[in-house]
Amino acid sequence: MKFDTVIIGGGLSGLTAGIELARAGRKTAIVSTGQSAIHFSSGSMELLGYDRDRHPVENPIEEIAHLDPVHPYSRLGKERVIELLKRVKPLFEETGVKVSGSHQRNHWRLTPMGQMKPAWLTLEDYLTLESPQSLPWKKVAVINVDGFLDFYPRFIEAGLRQRGVECLTASVTVPAITHQRESTTEMRATNIARVVNSESVNQLADVINRTCPDAEAILFPAVIGFDNFEASRRLKELVKRPLHFVSTMGASVPGVRTQLMMQSYFRCIGGAFMLGDTVTRGYFSADGRRLLSVETANFADDHLEADNFIFAAGSFFSHGLNSTPSGVFEPVLGLDTDAPDDRSAWFDKNIFKPQPYMRYGLTTDSSFHAMRGGRTVENLIVTGASLSGADALREGSGAGISLLTALNAADTILTSKN
Amino acid sequence: MKKLDKHYDVIVIGGGATGAGTARDCAMRGLKVLLVERFDFTAGATGRNHGLLHSGARYAVTDGESASECIKENMILRKIARHCVEDTGGLFITLPEDDLAYQQLFIEKCREAGINAEAIDPDLARRIEPAVNPDLIGAVKVPDGAVDPFRLTTANVIDARRHGADVITYHEVVRFIISGNRMEGIVMRDVHTGEETEAVGSVVVNAAGIWGHLLAKKAGVDINMFPAKGSLLIFGHRVNNTVINRCRKPANADILVPGDTICLIGTTSDRVPFDQIDNMEVTPDEVDILIREGEKLAPQLATTRILRAYAGVRPLVASDDDPSGRSISRGIVCLDHAKRDGLEGFVTITGGKLMTYRLMAEWATDMVCAKLGLTDRKCTTAETPLPGSETPLEVNDTKKDKDGHPSRQHIIELPTEQLAAEGRHGSLTEEIRWQNPGDDALVCECEQVSVGEVEFAIDKLHVHNLINLRRRTRLGMGTCQGQLCACRAAGLLDKADRCTERALDDLCSFVNERWKGMYPVAWGDTVSEIQFTQWIYSGVAGLDEFLDGRDTEHLLH
């Protein structure tokens, strides 16, 4: 099979690059195992949340100047970052994913454990706050679903109370969810979202309307709306007070929904999304300067050939990187990695301190091309969490790096001579 | 200072198997007992060993007395602690590089100690245990097994309480109340609040393992103990179903024990200074030795994921006439400090091993009773089943296993989470609620721990935090090492009306405690798992925000 571009990895980064390329009329394929980091997202995306000393950043753009030179943002350059940022919201708009937020000023989101974290873009039905201290209510109700263990009303209550908001807690259910409870493992956010149909939304709205009547607003776990915004919008309409979703732990409904909507849009505009497949091997030109084709688990005989490739397989968690006691490696194409061999340098023994391994990734040239055996692979660009140089978790930059390096990779391919 | 009202007959210090066993024995003999533990039960060496139900064969050649104690206790534990024991059987294998002549001596010495050791054909050994190194040139079958030290200790604590003992955890004994040449009680400090409380009693038993050395010093008594660190690795699943030992003189990493869902290789053995005993770390060299030697027992270990590394400290006791510590006894040491040091009312029970905890408790209790002039009180712990092993479970009488015992198969097959709970708690499972909706919902999917079991543990098993809960139920001990179950359980613990602040701190401690065992062996899938854990705990849940500006050093302990 012959494509213009084959993308390895169907997470936020791979899909973003895929949509850009497919929209430009390029024949594009994405190979995806089916699960990616976005499936565990919080409903918000981060551009740059914290500075070097872990102080929350107000204006992410200004903070970029203070990042390490090896950071993907520094390598793109501030001007280029701003240019690319302007394309992000329209891209989400196009795929039907509604987000709010600005790259000039972070807002705040509420976590399922009652903490506040800076965010850049947040899905439309989620709670966003201007500042972690100024909450817009005096009294709010945190309503959980009966028997749902991945959401913590009492932790949220404690967090809000600390900020001067009185907080009521309650839990509700509807028949479809009660039925779900009969299985010992089905009370997970995404499983609940699958069974809540329009009838259950009506029932749910009824019971929420009767619960904690003197609360000004309702906070509800993000367990509604598996693959589109219909159910969550309808619930918000039917509930007579403002209702905001708060992210849950475990597989994330907003994350799965975002991924599914982007995936379906990519397919709509002609992209080939090879779900449940995985690249097993790459074939390089004799001089090693070009990747010619890749073999996948499902197409062992019919390799995917392409002019260009994008490596967006993620970090350790997504198996874009792997390790043995004696080093970090990229498991499929044998690409060069940017990490020390000595494993005692990888970790801090306090898990909540900076972990060096978080910054490891693939070695790339100045335009993000992968390296192999010390030489640039001219038609293979690395994006997102596979890049080295950033502790995306600690600084709050995961989504930003994924999106911006993907847009940049698409541009590189679209403007190249091939 | 606060003072407990009761005057105890005996105050037992140390919540390991020995302390819990001593508290049980004393309480069963009608004494008024207080058991005090600095942290949680099984927090010391009890919870940091192989979980091997020794047949004694390992000591047969070098220490016949220990060997015969082991086999006797082995047979006793099979009766009184059925729900903590798994009869896996054991093999002592001879590899091509080992001396086959040792096997003959080994079998002779085993028989002398009363251990049923039988040489078998290597072919049969390969059939009994397909994971064994196929190159073996000799094999001996012995009655080894697996024992869960967490549940064993908990059962002893439960029984001590049933017989009237008071139990206090998270209190460190900071000094003794001594009047003249007589021990009269203790002062203990709440490790969380720092508040001190006095408790008085006729006899104080020091059952604090290696920490007993430091404790005795506080009473002005010198016991010549040496901390010996032993490191182990836990593998992600059961590679073997039979204990595999090397048939040679005891050495590093020559025992592979299956237990619950995992298997364990160990140990190394190194003297460490006393300032390290509260914070054992497994070094890369130790990890390398354990893997290298482990692969010789079961080659499959080379490709099996390592879940964790951990280390315990054995209390080695030197003879009183040898302060240099060259002549170390591995046997039980029961010291009457009245005779030895002129301090009345103080007893130390140490040395020994998990296998002989009950016998150690018996010796200590005998000594306590002698001091109290109650020599007519006979020990019954060898015959009385522990809670959990008391009544036969609901059984299908028509089915018998190969030994003629009623089979544990239920008339109606139970759901997995109930079977798992039963495997862990034996007949105590009857106290777990299953009738309300959601009681059977799984909190920990790896180890099949349900809401009902968690709530039972919180109510009945002395659970104050997530680490306690893990030790009582195996929650967070599976392949994901507490990724989502930890926060679910934190939610349930918090519901039991606790301070939310403390609950979050507890959750952070738990995540760090899991990491402590992971980072020495973090490569491959373990790095993927921990990266995911970090993303959800810091990224999604925002525990990093919670910790920002707080001291996180305490999370390391």
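The values are calculated or read from the model by the stated rules, or taken from the named source; none is laboratory data. Every value quoted in this text rests on a predicted model; they were computed, and no experiment measured them. Note: ideal-geometry Cβ built from the backbone for every residue, glycine included; neighbour counts use all protein chains shown. When the accessible area is computed, the model is the full protein with side chains, heavy atoms only, and any ligands, DNA or RNA have been set aside. Shrake-Rupley method; radii C 1.70, N 1.55, O 1.52, S 1.80 Å.
Remarks
- Any chance B:Trp535 is within 9 Å of chain A (Cβ to nearest Cβ), surrounded by fewer than 24 Cβ atoms within 10 Å (Cβ to Cβ) and not aliphatic (A, V, I, L, M): yes
Each row is one residue, and each column tells you yes or no for (1) more than 7 Å from chain A (Cβ to nearest Cβ); (2) at pLDDT 90 or above.
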site	(1), (2)
B:Asn468	yes, yes
B:Leu484	no, no
B:Glu513	yes, yes
B:Gly517	yes, yes
B:Gly539	no, yes
B:Gly549	yes, no
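- The residues of the stretch B:456-480 that are crowded, with 23+ Cβ neighbours inside 10 Å and among the hydroxyl-bearing types (Ser, Thr, Tyr) amount to a single one, B:Thr473.
- Any hit, the stretch B:244-261, residues being at pLDDT below 95, open to solvent by 10 Å² or more (accessible area, probe 1.4 Å), more than 25 Å from B:Ile332 (Cα to Cα) and touching a Leu at 6+ places or on another chain (Cβ under 9 Å): yes
- For the stretch A:10-18, the criterion of being farther than 29 Å from A:Leu380 by Cα and within 14 Å of chain B (Cβ to nearest Cβ) is satisfied by no residue at all.
- Considering the stretch B:270-318, the residues that are small (Gly, Ala, Ser) and at pLDDT 90 or above include one that is surrounded by the fewest Cβ atoms within 10 Å (Cβ to Cβ), namely B:Ala302.
- Condition check for A:Ala170: modelled with pLDDT of 95 or more and away from chain B (no Cβ under 13 Å): yes
- In the stretch A:172-191, residue farthest from the chain's Cα centre (by Cα) [restricted to those that are touching a residue at least 60 places away in the same chain (Cβ under 8 Å) and surrounded by 19 or more Cβ atoms within 10 Å (Cβ to Cβ)]: A:Arg188
A quick yes/no check of all residues on (1) open to solvent by 10 Å² or more (accessible area, probe 1.4 Å); (2) farther than 22 Å from B:Val333 by Cβ; (3) touching a residue at least 12 places away in the same chain (Cβ under 8 Å):
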position	(1), (2), (3)
B:Leu35	no, no, yes
B:Glu65	yes, no, yes
B:Lys79	yes, yes, yes
B:Thr88	yes, yes, yes
B:Leu100	yes, yes, yes
B:Gln104	yes, yes, no
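- Annotation note: Cβ proximity below 9 Å between a residue of the stretch A:335-349 that is more than 11 Å from chain B (Cβ to nearest Cβ) and a residue that is open to solvent by 50 Å² or more (accessible area, probe 1.4 Å) and of a type in the set (Val, Ile, Thr) (sequence gap 6+ or interchain) occurs for A:Asp338/A:Val70.
- Residue count for the stretch B:209-241, restricted to those that are open to solvent by less than 10 Å² (accessible area, probe 1.4 Å) and closer than 30 Å to B:Asp288 by Cβ: 10
- If the condition is being under 18 Å from A:Glu295 (Cβ atoms) and either among the small types (Gly, Ala, Ser) or in a loop (DSSP other than H, G, I, E, B) (or both), then the stretch A:1-13 contributes A:Met1, A:Gly9, A:Gly10.
- One residue stands out in the stretch B:1-25 among those that are touching a helix residue (DSSP H, G or I) at 6+ places or on another chain (Cβ under 8 Å) and over 17 Å from B:Val173 (Cβ atoms): the one that is most open to solvent (accessible area, probe 1.4 Å), namely B:Asp9.
- Residue ID - farthest from the other protein chains (Cβ to nearest Cβ), chosen from residues in the stretch A:246-260 that are in contact with an Asp or Glu (Cβ under 8 Å, 6 or more places away or on another chain) and open to solvent by 10 Å² or more (accessible area, probe 1.4 Å): A:Leu260
- Residue within the stretch A:208-225 that is in contact with a helix residue (DSSP H, G or I) (Cβ under 8 Å, 6 or more places away or on another chain) and open to solvent by 70 Å² or more (accessible area, probe 1.4 Å) present: no
- Identity of the residue in the stretch A:282-320, closer than 20 Å to A:Ala409 by Cα and in contact with a His (Cβ under 8 Å, 6 or more places away or on another chain), that ends up nearest to the other protein chains (Cβ to nearest Cβ): A:Ala313
- Complete set of residues in the stretch A:359-400 that are in contact with a strand residue (DSSP E or B) (Cβ under 9 Å, 6 or more places away or on another chain) and among the acidic types (Asp, Glu): A:Asp365, A:Glu378, A:Glu395
- From A:Ser326, A:Ser344, A:Ser386, residue being at pLDDT 95 or above and not aromatic (Phe, Trp, Tyr): A:Ser386
- If only residues of the stretch B:409-448 that are modelled with pLDDT under 75 and touching an Asp or Glu at 6+ places or on another chain (Cβ under 8 Å) are counted, the one that is most open to solvent (accessible area, probe 1.4 Å) is B:Ile411.
- From B:Val443, B:Val454, residue being of a type outside the set (Phe, Trp, Tyr), in contact (Cβ under 8 Å) with a residue 12 or more places away in the chain, in a strand (DSSP E or B) and within 12 Å of chain A (Cβ to nearest Cβ): B:Val443
- Taken together, the criteria exclude A:Leu403 from residues that are in contact with a strand residue (DSSP E or B) (Cβ under 7 Å, 6 or more places away or on another chain) and open to solvent by less than 20 Å² (accessible area, probe 1.4 Å).
- Look at the stretch B:131-150: where a residue is assigned to a helix (DSSP H, G or I) and a partner is among the aliphatic types (A, V, I, L, M), sitting 6+ places away or on another chain with Cβ atoms under 8 Å, you get B:Pro149/B:Ala17; B:Pro149/B:Leu354.
- Within the stretch B:523-532, the set of residues being buried (at least 24 other Cβ atoms within 10 Å of the Cβ) and facing chain A (nearest Cβ under 7 Å) comprises B:Val527 only.
- Scanning the stretch A:1-23 for residues that are under 21 Å from the mean Cα position of the chain (by Cα) and either charged (D, E, K, R) or within 27 Å of A:Leu127 (Cα to Cα) (or both), we see that the one that is surrounded by the most Cβ atoms within 10 Å (Cβ to Cβ) is A:Ser13.
- Of all residues in the stretch B:481-513, those satisfying the criterion of being in a loop (DSSP other than H, G, I, E, B) and buried (at least 19 other Cβ atoms within 10 Å of the Cβ) are B:Gln481, B:Gly482, B:Gln483, B:Leu484.
- Out of B:Ala131, B:Ala119, B:Ala155, B:Ala139, one residue alone is farther than 19 Å from B:Val243 by Cβ and either touching a Pro at 6+ places or on another chain (Cβ under 6 Å) or surrounded by fewer than 22 Cβ atoms within 10 Å (Cβ to Cβ) (or both). It is B:Ala155.
- One residue stands out among those in the stretch A:350-381 that are under 30 Å from B:Lys516 (Cα atoms), more than 10 Å from chain B (Cβ to nearest Cβ) and open to solvent by less than 20 Å² (accessible area, probe 1.4 Å): the one that is farthest from the chain's Cα centre (by Cα), which is A:Leu362.
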